[in-house]
Structures are given as C-alpha cells and as structure tokens.
Amino acid sequence: MSTSAPALSQASGTPAAQARACALPNLWLPYCQMQTAPLPPTVSHTQGTSLFLADGQELTDGVASWWTACHGYNHPHLQQALLAQAGRMPHVMFGGLVHEPARTLAARLADLLPGELERVFFTDSGSVAMEVAAKIALQYHMNKARTGHDPQANQRRRLLSFRGGYHGDTMGMMAVCDPEEGMHALFGPALPSQILADLPTSPEKLVALESLLSTQGHEIAAMLVEPLVQGAGGMVFHPPEVLQTLRRLCDRHGILLVFDEIFTGFGRTGTLFACQQADVVPDIIALSKALTGGMLPLAATVARREIFDAFLSEAPEAALMHGPTFMANPLACAVANASLDLFAREPRLEQVAAISEQLREELAPCRTLPGVRDVRVMGAIGVVELEKLDNAPELGRRFMQEGVWIRPFRNIVYLTPAFTITPEQLRKLTAGLYRVLKAELTQQVRSKQSPPGKTHSA
Ligand SMILES: *Cc1c(COP(=O)(O)O)cnc(C)c1O
C-alpha cells in the first residue's frame, strides 16, 4: 500500500519535499508529527456545514471544528451579535470592572443549568475552565479548614479522575487525563501525582472504587468526570446510573463532584447538558466548546451556591485566586448570548434527535465491515471504533477525496456534525465514511492474508 502522502518537512531532502516544507515554514501544528504528516489543506472560508479549501474544493464538515460549531459556520445571528459588540466594546479588563454581556450570559447559564449551579467564572479555554474547577475545589476545602468548619479538610489536596478521561492539555489537567490515552504519557514524571480510577461501570469496578475511597477518600478534594461520554479519550459512553453512583460516593466521602461538560454541553448528547439525563447536579460544571457556537474562545466554570459561599469571608486570601487577562471577553460573551438565543428559538434538541436516528440507521452497515469493533451513537455523536487503525492521517486524506471532513484519531472514526446539518448532507458524511472504511478495511484484510514479501495489486 502506498502511503506516500505529501509530508510537511524536508525529511527526504528531495525538491518536492522541500517545496512542501516551504509551504508552512513557520507554523507548529497540534498533535502532529510534522516530518511525516500530510500537508494540511488551507481553508479559505466556511459556510453552513461546509469548509471551502483554497484550491476550490468543498468539504462537508463531520467534525464541526472539534464539536464547537453547533449552529453551522457563519450563522448570521452570531455574526450580527459579534459586529454589534465590536462596535460598542471589543474588550475591557474584568478586574475591578464588569459589563452587561458577561452579566447577562452568567444569568442565562445559571438559569439553564440544573440545581443551584449559579456562580459563573469565565475563562478562555476548556483546559483553563477545568484548572479553575480544580482550584475552586482545592480552595473550597482550604477555606473550610481555615474557618474551623472542617479541620480535616486541609488533607484534601488530591484529585480523582477516571481512566479514559480527557480534561485538557495544561500541566494541571494532563495529570488527570488518562495516562496512556490522554496523549500526555511522556510528561507523566513531571506531573503531580493524582488518583486514577475506573468508572464504576460494573459491580467489580464499583467495589474497587468504594474500597479506594474508603482508604483515600479523605485526601481527595474533587472527582472529575466527563458525564456520559469520554470524548477525546476515545468517545466511550457510560450509562447515566454511573453518574448517580458517583454523586452518592462523593456525598458520602465529602468530595466535590466536577462535571467536565466541555464536550457534552449544549445539546451534543441529546439534552442541553448531559447531567440532565442522569438527573444529577454536580458541585461544579465546566463548559466551553459549543458555548459561543464555535465562533470565539470562551469557557465557563459554574459552581453551586454552597461552594461559592465558602469563599465569602473577611479574609482576602479566602477569595478565588485566578484571573485570566481576557476573562469574560465581551465579544465572546455577546456571541455566547446569541448562541443561547438560537437554542431558545430554534429546535436544536429536535434536530439532535433526528441526527441521532439517522446516524444509528446509516452507520449500522459499518458493523459488518471486517475489523470494526463497535458502532455507537449518542445524540449527535456517531462513532465507529476499529480493532486498530495504523495511519489515521492517511485515512483522513481519503475522506477528503470523498468530499467530507472527518478526522480519525487512534482507532476511532467519528461524526459530530453541526445540529443544523440537513439529512442530505449527513447522508453524504455517513456514505463517505462507509465507502472509505470499507476500502481501507478490506484492503487490510487482504494484505494480512497474503504472506509478507509477495507483491499483489491493490
Ligand atoms: C476539549 C476539551 C477540553 C479542553 O478544552 P480546550 O479548550 O482545548 O482547552 C477539556 N475537556 C473536554 C471534555 C474537552 O472535550
């Protein structure tokens, strides 16, 4: 099989390779081995659920830019909100000043979120929203200890997270990602040691978690979990009852429960927030990805009233010690407000239900392909898990030749389209996905069957 995709660097030193290296002389790309990866295409513009490449090709987007662009690209309502806010006030510091777009957005989020999740701290990325969640949890217990409410709380300095989880790329969050699947294994020795457990998805795992908590529960400040779907760790689903179990265990052991809804928030799993399917209210929730409908970076960490109250004191050091420069950027807040308008006035959750049904039906044939381990759908997330996938970038290139933008990672090929995608466009994604996988997987079977060294035509 030929895998001679154009590479990014001048590894081979040939004129062609050097020309490719010249195409991107200054950029450093994410999660990308730039010596061997195919040269990424340049996107010139977007519209609806399409990406238009500089060479004129149109790709139907199956990823929605890492799940952010839930209303499709260039939505006029978001664009108008952005322009109007840019004319009034693009940015102002949030230290010692507040503004209407942030106040409105915080009130609307508090209104939409269940229970007493009502104090909103704005940041500009998901990783940092989770860092803030962890800091809130740690400082909450310190404050409890300081006021004498719970003298033992000072021992709660560690975080518990789950195998398969992903919470971001910063130093603090790398320490709570799955050590193997979290893409950070290399950094392990440099990270603080946190506690890793299996999600209690079976009676045996529940027993293991209970026994871990009975010995170490008093050291744990917070338990971090992506509710219902572990996203970047492999698009693995678990049932809502697991979250009810975690709530019960956290309550029993005095641990704060943090839901990382950066991926699942804003409709992706079929309800506005994943926690609603379990009827569980976490102590802290982190939101980002689709918060601005994919237009601008913004994140929110929202805490229950009781958590916030533990920071109220005469003591200055009891205040939350965090404050990003671009916190609560007014442009981003205005666009997020406009995105919430769309959730209120357009039938987004009905659209997600329809996407779900269509994904279920149209991805089902992938089950019959050799080397497919699982096909699963939740809300507007469709996943085909393979036994193995050797060359995800090359597969990505074949998807592009089919006119679809699908970005496989590890052994996962998934669709997370915009909620506004039409049935025809979604059909194009599922059909392209099936065609490319079928060709790839039957090819893999064939090359396995023929003894190595023998030539055969593909
Ligand atoms: C994307 C993601 C993050 C990290 O967000 P960034 O904005 O990339 O820092 C954290 N948690 C989950 C569940 C995510 O999907």
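The values are calculated or read from the model by the stated rules, or taken from the named source; none is laboratory data. Predicted model, so just to flag it, every value in this text is computed and none were measured. Don't worry about glycine lacking a Cβ; one is built from the backbone with ideal geometry, like all the others, and counts go over all protein chains shown.
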Of the candidates LEU53, LEU78, LEU82, the one satisfying the condition of being closer than 18 Å to PRO41 by Cα, touching a residue at least 12 places away in the same chain (Cβ under 8 Å) and away from the ligand (no atom under 16 Å from the Cβ) is LEU53
Kindly establish whether VAL280 is among the β-branched types (Val, Ile, Thr) and not assigned by the TED database to the domain that holds HIS253.
no
Would you mind stating whether HIS91 is farther than 25 Å from ARG348 by Cα, more than 16 Å from the ligand (Cβ to nearest atom), in contact with a helix residue (DSSP H, G or I) (Cβ under 7 Å, 6 or more places away or on another chain) and not β-branched (Val, Ile, Thr)?
yes
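Here is a yes/no grid of residues against (1) hydrophobic (A, V, I, L, M, F, W, C); (2) over 24 Å from LEU272 (Cβ atoms); (3) crowded, with 17+ Cβ neighbours inside 10 Å; (4) in contact (Cβ under 8 Å) with a residue 40 or more places away in the chain:
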{"site": "ALA336", "(1), (2), (3), (4)": "yes, no, yes, yes"}
{"site": "ALA344", "(1), (2), (3), (4)": "yes, no, no, no"}
{"site": "PRO347", "(1), (2), (3), (4)": "no, no, no, no"}
{"site": "ARG360", "(1), (2), (3), (4)": "no, no, no, no"}
{"site": "CYS366", "(1), (2), (3), (4)": "yes, yes, yes, yes"}
{"site": "GLY371", "(1), (2), (3), (4)": "no, yes, no, yes"}
{"site": "VAL383", "(1), (2), (3), (4)": "yes, no, yes, yes"}
Is it the case that region 246-256 has a residue that's of a type outside the set (A, V, I, L, M, F, W, C), modelled with pLDDT of 95 or more and within 14 Å of the ligand (Cβ to nearest atom)?
no
Within region 198-206, is there a residue that is surrounded by fewer than 19 Cβ atoms within 10 Å (Cβ to Cβ), charged (D, E, K, R) and closer than 28 Å to TRP67 by Cβ?
yes
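I'd like the residue in region 140-180 that is more than 13 Å from the ligand (Cβ to nearest atom) and under 21 Å from SER288 (Cβ atoms) and, out of all such residues, is surrounded by the fewest Cβ atoms within 10 Å (Cβ to Cβ).
Taking region 140-180 and keeping what is more than 13 Å from the ligand (Cβ to nearest atom), we get 140-160, 163, 175, 179-180.
Still in the running and under 21 Å from SER288 (Cβ atoms): 159, 175.
Working: LEU159: 27, ALA175: 23.
So, considering only residues that are more than 13 Å from the ligand (Cβ to nearest atom) and under 21 Å from SER288 (Cβ atoms), the one surrounded by the fewest Cβ atoms within 10 Å (Cβ to Cβ) is ALA175.
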Could you name every one of the strands (runs of 3 or more DSSP E) located completely within region 349-458 that has at least 3 residues being on the phi > 0 side of the Ramachandran plot and of a type in the set (Ser, Thr, Tyr)?
none
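If you check PHE121 against the conditions, is it assigned by the TED database to the domain that holds PRO330, farther than 15 Å from ALA299 by Cα and within 16 Å of the ligand (Cβ to nearest atom)?
Judged against the criteria, PHE121 is not a match.
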For HIS253, which of the numbered conditions (1) surrounded by 23 or more Cβ atoms within 10 Å (Cβ to Cβ); (2) touching a helix residue (DSSP H, G or I) at 6+ places or on another chain (Cβ under 6 Å); (3) free of Cβ contacts under 8 Å to residues at least 60 places away in the same chain fails to hold?
(1)
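What do you reckon, is ALA21 part of a helix (DSSP H, G or I), away from the ligand (no atom under 16 Å from the Cβ), at pLDDT below 95 and of a type in the set (A, V, I, L, M)? Step through it out loud before you land on a result.
Details: part of a helix (DSSP H, G or I): yes; away from the ligand (no atom under 16 Å from the Cβ): yes; at pLDDT below 95: yes; of a type in the set (A, V, I, L, M): yes.
Judged against the criteria, ALA21 is a match.
Quick check: anything in region 54-66 farther than 30 Å from PRO25 by Cα and either within 25 Å of the chain's Cα centre (by Cα) or assigned to a loop (DSSP other than H, G, I, E, B) (or both)?
So far as region 54-66 goes, no, none of its residues is farther than 30 Å from PRO25 by Cα and either within 25 Å of the chain's Cα centre (by Cα) or assigned to a loop (DSSP other than H, G, I, E, B) (or both).
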